Amino acid sequence: MKHTKRDVLKNIVVTVILIIIVLLLILGVQSSDFSKIKKYDFGKSSNGFLQQVSSSKSDSMEVSIVNKSEVNLGDFVFNVLGDKKLIANISIIHKPKNGKTFMDNSGDEFIEKGAILRDATINAMLDSQNFDMSVNNNKIKDAIKNRLNKNLQNSSVEEVYFNKFIIQ
């Protein structure tokens with residue numbers, strides 16, 4: 001089978017075009033912003049209303065250690081009863097159980113149980129059903145505190161703080 005110059009040139013052009021397409025696809029995927037992808041979970045509240053919980057997949061979903069006694073549980077976004085949205089960032093103050101002193105690794109339990117603690121917080125918020133914080137914000141803070149303490153072995157949550165609490 002004899003290849004003419006025209007066939008060889010045609011094969012080179014097709015190969016170059018395919019390489020350019022592959023490079024453009026690679027660059028497009030690399031420059032894509034997948035941090036805006038959302039995860040949706042649905043739960044049924046006790047009064048029968050369907051509540052939708054959505055949280056953006058980003059670093060703000062990560063549990064982080066602020067200092068030896070403070071932990072940030074990250075951002076939470078709730079679609080509550082209709083088209084209203086609650087945006088919250090929650091921090092907690094904790095102390096070691098049984099009168100122990102803080103160790104350098106005192107926050108390890110919070111990092112290891114990050115997903116469990118965030119889930120407990122979400123469930124406490126959904127069970128509270130009252131997102132009107134102007135009336136009584138201690139009720140929802142106590143619910144979060146109690147849920148978190150049920151999941152902790154080495155620490156005890158003392159205070160719950162809303163760094164951000166916006167209803168839109």
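Taking neighbour Cβ counts within 10 Å as the exposure measure, how do Glu62, Glu112 sort from fewest upward? Could the numbers behind the result be given before it?
On the way: Glu62 14, Glu112 11.
Going from least to most buried by this count: Glu112, Glu62.
Estimated from the Cβ-Cβ distance and a Förster radius of 25 angstrom, the FRET efficiency linking Asn67 and Gln168 is about 0.20. Count charges around Glu159 for me, please; just the other residues with Cβ under 11 Å from its Cβ, Lys/Arg as +1, Asp/Glu as -1. Net charge in that neighbourhood comes out at 0. For Asp142 and Lys95, a Förster radius of 25 Å and the Cβ-Cβ distance give a FRET efficiency of 0.90, rounded to the nearest 0.05.
Coordinate-derived values only; no laboratory data. Not measured: the values here are computed from a predicted model. Cβ: placed from backbone, ideal geometry, glycine included. Neighbour counts: every protein chain shown.
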